[in-house]
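Here the structure is laid out as structure tokens; the discussion comes afterwards.
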Amino acid sequence: MSRRALRRLRGEQRGQEPLGPDALQFVLLDDDDAEEEGPKTGLGGRRPGGAGKEGVRVNNRFELINIEDLEDDLVVNGERSDCTLPDSASSGNKGRAKHGNPENKQDGDAAAKAGSSEQSNASGKLRKKKKKQKNKKSCTGESSENGLEDIDRILERIEDSSGFSHPGPPPLSSRKHVLYVEHRHLNPDTELKRYFGARAVLGEQRPRQRQRVYPKCTWLTTPKSTWPRYSKPGLSMRLLESKKGLSFFAFEHSEEYQQAQHKFLVAVESMEPNNIVALLQTSPYHVDSLLQLSDACRFQEDQEMARDLIERALYSMECVFHPLFSLTSGTCRLDYRRPENRSFYLALYKQMSFLEKRGCPRTALEYCKLILSLEPDEDPLCMLLLIDHMALRARNYEYLIRLFQEWEAHRNLSQLPNFAFSVPLAYFLLSQQTDLPDHELSSARQQASLLIQQALTMFPGVLMPLLEYCSVRPDATVSNHRFFGPDAEISQPPALSQLVSLYLGRSHFLWKEPAIMSWLEENVHEVLEAVDSGDPAVEACENRRKVLYQRAPRNIHRHVILSEIKEAVAALPSDVTTQSVMGFDPLPPVDTIYSYVRPERGRGWRKEWPGVRTAIKA
């Protein structure tokens, strides 16, 4: 039984033992000696008297401080002399350790001498111990370094013999998908913390966190304590099929949700926003009602409420995600032809617009990639007309260049004015960075000049409106030349004029920097020289413009309506502008897939579910 257990049985506390003559004496042992003496310890961890090597007996434990100070002084001064105890002192210490007799007055002088010799012996042993440890460390360090050097030599021989080289950048196949979405960048607080600090962003949220109780964690939005309590609104998601590594999903409406949808269509037809507010009192997470009321609040300049309603709609849909539905993989698809899926597209787009206006372009870029990944082939909201702008706003030039390089072969991105001008601008801005090697900077500058000359040759009608947007007056050589004159803008097809108006209305401010303007001026003169010299590429581009831009597809018109850029909306064809467009479903696809129909409500109205407010003469 240990001494500690005996004390507990006796009811004694530590420190209350009776003090004997040797109670305050301590034995100072070397660590190496202690390891050797380990098996010889007796009951309770005490070593029997006279067993094994003897240690230095110290009467006062505070003498150890002096010994360590003495040792440090010796090490600093470079003195490493070994101190040994004389035989008389050693034998005296042995006798004292065995018998424990107290010193009397006659042996006072001898005890003082023995104490000083004990201190010197202790310091000597400590120095020996540290010296041994240092030698051991140096030996092991040298052996490990030699071993690593030998391994390096062996690897070099293997590489030389087999022809392998050191690993370079990862191959294209090992890189993440170009539409891969990062979860952390879907949260605008991540970007705002970088700008303003965590304390400024989370200062108002911390007191409320104790009161917030929500069913699950979400990535798209952060639930607020002011929202109504969430209960399943009758919305769900179903996996339709999986093929070729892609998973196709669809939102579904329960019967209860269908009834709320029918009430919503009646409220929309009444042209009274208060009817939608009344519907939200009974169905607070009805998605289309939230989208439509958000537009009404935005038109009334209540941006905060409009954004809050969009976030609530996103939260309602994210809570019903299928377990296999992933926001980040880029392999999950939602068919825009299904009306139930369109609400998710539109909510993401409107949230992206709010994030851009809020000053979070990096987060808005992730939302743009997310929308494009849901149906990249059809691209129902035509996000390719916007993703270049978001990448430039976020200063993510490498991503824009990578997207152009990977998709140019099968998507012909250079035939879109926005990509034709944004990619060379990204190369130029990349060449202005100081943290890249010189050869990369010069290569980026050359590529930027080459691509901007091709863009000016293909779309000459962009230059003069761009200079006008930037309040720059061109020189007479450019303004009087037939290639960049007024005829260049007038002669381009209407569909191309619409794309140019969309790009300039959205991205013209990115060109206002003096360095960009001087670089643009240099390349404009290069293009004029090529035109005057009769370069065949000029005529080829002119023929291509006449063939490619006959009429814009429906997804471009839908994108222009959602963008709300006045110049682009004014360029829409008349068959689009004469239609009634609702914010919850602008320009629905012609080949819509209906899962249920709306009950008849009198003559002259559409039966199908979207219920776009369009009167049809019977």
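The values are calculated or read from the model by the stated rules, or taken from the named source; none is laboratory data. What you are looking at is a predicted structure, and each value in this text was computed from that prediction instead of being measured. In this analysis, Cβ positions are derived from the backbone assuming ideal geometry, glycine residues included, and neighbour counts consider all displayed protein chains.
A few comments on the model shown:
- Out of 493, 465, sole residue that is touching a residue at least 24 places away in the same chain (Cβ under 8 Å) and in contact with a Phe, Trp or Tyr (Cβ under 7 Å, 6 or more places away or on another chain): 493
- Top-ranked residue of region 320-361 - restricted to ones that are assigned to a helix (DSSP H, G or I), of a type in the set (Lys, Arg) and at pLDDT 95 or above, ranked as farthest from residue 589 (Cα to Cα): 350
Let's see how each residue does on (1) surrounded by fewer than 16 Cβ atoms within 10 Å (Cβ to Cβ); (2) over 30 Å from residue 574 (Cβ atoms):
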site: 402; (1), (2): yes, yes
site: 409; (1), (2): yes, yes
site: 424; (1), (2): no, yes
site: 429; (1), (2): no, yes
site: 448; (1), (2): no, yes
site: 459; (1), (2): no, no
site: 462; (1), (2): no, no
site: 488; (1), (2): no, no
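- Unique match (being outside any loop (DSSP other than H, G, I, E, B) and over 18 Å from residue 543 (Cβ atoms)) among 496, 463: 463
- Of the set (1) over 18 Å from residue 357 (Cβ atoms); (2) under 37 Å from the mean Cα position of the chain (by Cα); (3) not in a helix (DSSP H, G or I), all apply to residue 301 but (1).
- If the condition is being of a type in the set (S, T, N, Q) and either in contact with a Gly (Cβ under 8 Å, 6 or more places away or on another chain) or part of a helix (DSSP H, G or I) (or both), then region 506-544 contributes 507, 518, 523, 543.
- The requirement of being more than 30 Å from residue 588 (Cβ to Cβ), in a loop (DSSP other than H, G, I, E, B) and of a type in the set (Ser, Thr, Tyr) is satisfied by residue 434.
- Single match in 314, 334, 290 (criterion: buried (at least 19 other Cβ atoms within 10 Å of the Cβ), in contact with a Leu (Cβ under 6 Å, 6 or more places away or on another chain), closer than 20 Å to residue 555 by Cβ and of a type outside the set (Val, Ile, Thr)): 334
- Among the conditions (1) out of contact with any Ser or Thr (no Cβ under 7 Å at 6 or more places or on another chain); (2) acidic (Asp, Glu); (3) within 23 Å of residue 501 (Cα to Cα), residue 408 misses just one, which is (1).
- When region 405-428 is filtered for residues that are in a helix (DSSP H, G or I) and in contact (Cβ under 8 Å) with a residue 40 or more places away in the chain, the ones remaining, listed by number, are 406, 407, 414, 415, 417, 418, 421, 422, 425, 428.
- Of the residues making up region 246-262, at least one is free of Cβ contacts under 8 Å to residues at least 60 places away in the same chain, among the hydrophobic types (A, V, I, L, M, F, W, C), crowded, with 17+ Cβ neighbours inside 10 Å and on the phi < 0 side of the Ramachandran plot.
- Test for residue 444: is it surrounded by 16 or more Cβ atoms within 10 Å (Cβ to Cβ), closer than 17 Å to residue 543 by Cα and either among the polar types (S, T, N, Q) or in contact (Cβ under 8 Å) with a residue 12 or more places away in the chain (or both): no
- Filter result (in contact with a Ser or Thr (Cβ under 9 Å, 6 or more places away or on another chain) and part of a helix (DSSP H, G or I)) within region 368-392: 370, 373, 385, 388, 389, 391, 392
- Residues that are in contact with a strand residue (DSSP E or B) (Cβ under 7 Å, 6 or more places away or on another chain) and either of a type in the set (Val, Ile, Thr) or surrounded by fewer than 18 Cβ atoms within 10 Å (Cβ to Cβ) (or both), drawn from region 321-331: 322, 324, 325, 326, 331
- From the list 358, 362, 411, the lone residue that is of a type outside the set (A, V, I, L, M) and within 30 Å of residue 545 (Cβ to Cβ) is 411.
- Any hit, region 275-285, residues being in a helix (DSSP H, G or I), touching a residue at least 40 places away in the same chain (Cβ under 8 Å) and touching a Pro at 6+ places or on another chain (Cβ under 7 Å): no
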